[in-house]
Structures are given as C-alpha cells and as structure tokens.
Amino acid sequence: MSDLSRREFLKSLSIGGVVLFTPEWFKLVADTKLATQGRELPAKAGEKIKPGWSVINAFWTDNGYFELCLNGTIYDEVPEFEYEEEEFDEDNFRRYKNETDDEYEERREEAREEWEQEQEDERETLEHNHEDDWYRHSCPGARAVPYLQEVLDLLEERSTTSEGSDEDYEEVGAIEFYDGACPGNDTYYAATANDYETLAALQVVLNKLRKRCRVVIVEPDVKDAKQG
C-alpha cells in the first residue's frame, strides 16, 4: 500500500488563539468513548445532522484503522455499466466477383466473428475503466480524500502552535491518505483514521473551520466496542 501522506493533530494546535485540544477535551473524549463503547463522539445533547450537511462515515476495518467515506459507505456498489450494443453491418459487406455462395458465407462469418470479438474486447475495457474510475474518483472512500485534504490544508493555513516543551506537541492521532493498495493496483484511493481519538479531533477541526460536516462512527473499533 502506498502512503500518499500522513497528517498529525497536535495538542497545542490552536485557531484564532483558541487551543483545540485541552486536558478537559481529552477527558470528555475518554468518558464518551467508555460510555458509548466507541460508537459515538462527543456532541451537544440532542445534536443531529442538519439537512444539507455532509457526513464522514467511519468504518473500523481488519487492517486496524477506520476507513472514512464521504456521504456514503464502504458497501456502496459500482453503478451499473451502461453500454450501447451495436449490430454487425452486413449492408457494407460486399460479395467479391466470381465468389461462390459458400466462399461468401464463410468470409462473412469470419468477419462477423472478428467484429464481435473486437466489440467484446472494447466492452470489457470500457467496463474495467468504468469500475476503476468509480473507485478512484466517485466512490465514498475516494471522495473523502480531496475533501479531507482541503480541510487539513485549511487547518494548517489558519492554525498556530504555541512554544513549549516537547510534551505540548504530543500526538492526538493521524489521518493517512493512501494511493494504491499494492504495486500494479492503483484503484484504492482512501483516507483513514488511526483511532477513536483521531475521529473526535477531526470533528473538532471541522467545527472550528465552520465546515458543515459531521463524523459518524458506523462500525466502531472492536476493542472499543468491548468496553463498558
């Protein structure tokens, strides 16, 4: 798997002079994770996703991280491939001079088979490209990549870090971007989060940047789900 980039959240990060991640915030995150078994993130009482808002759905995977999907799920399927079938044009197939009926029929059948094979090859290529394009650009996982990259670029542009000890810069977590699952396979284009705390930090960032977007844990980390 090719790691496109890794983006860290830091405890000392602040926007407009407001520190995003404080000891009180860490305690709230820990308490909420324990109370909900990692299924919900800290939110105001009764807060719901508003109409027109985007949703980052998080799914814990066997690979040991949350896969993030924008306005969709990891279970969304490739849209049906539409292909307009064509017919072999016999009107343009002319008989040679002095050609017998059998010779004509044999030559026409060979031409038909060759044409049909070319059509089948073209259809398979177009269908393969249709599927690859969906996984690279249109599926919910792929759509999350440019969205979150833009969010984190904006975060870096607007944020400041206070001077202090190394402890001030302790990681909250990281969002990683992947481009390709393995050599020769570039269909996997995804954004992932390491843990529950990273998802909570991402929601804070989205709020502070006034992004109309909520992070929802659809499938929690199996370890978090066993707590409580």
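Structural remarks
- Residue in region 165-174 that is modelled with pLDDT of 80 or more and part of a strand (DSSP E or B) present: yes
- Screening region 64-87 for residues that are of a type in the set (F, W, Y) and in a loop (DSSP other than H, G, I, E, B) and picking the one that is surrounded by the fewest Cβ atoms within 10 Å (Cβ to Cβ) gives Y75.
- Some residue of region 22-35 being in the same structural domain as Y189 (by TED's automatic domain parsing), of a type outside the set (D, E, K, R) and modelled with pLDDT under 75: no
- Check on W115, in contact (Cβ under 8 Å) with a residue 24 or more places away in the chain, out of contact with any helix residue (DSSP H, G or I) (no Cβ under 9 Å at 6 or more places or on another chain) and of a type outside the set (A, V, I, L, M): yes
- Annotation: of all residues in region 181-218 being of a type in the set (S, T, Y) and within 15 Å of the chain's Cα centre (by Cα), the one that is modelled with the highest pLDDT is T192.
- Members of region 40-63 found to be in a loop (DSSP other than H, G, I, E, B) and either surrounded by fewer than 11 Cβ atoms within 10 Å (Cβ to Cβ) or modelled with pLDDT of 95 or more (or both), listed by number: K44, A45, G46, E47, K48, K50, P51, G52, D62, N63
- Qualifying residue in region 93-110 (condition: of a type outside the set (A, V, I, L, M) and within 25 Å of Y189 (Cβ to Cβ)): no
The values are calculated or read from the model by the stated rules, or taken from the named source; none is laboratory data. What you see is a predicted model, and the numbers here were worked out from it, not measured in a lab. Ideal geometry is used to build each Cβ from the backbone, glycine not excepted, and the neighbour counts take in all protein chains shown.
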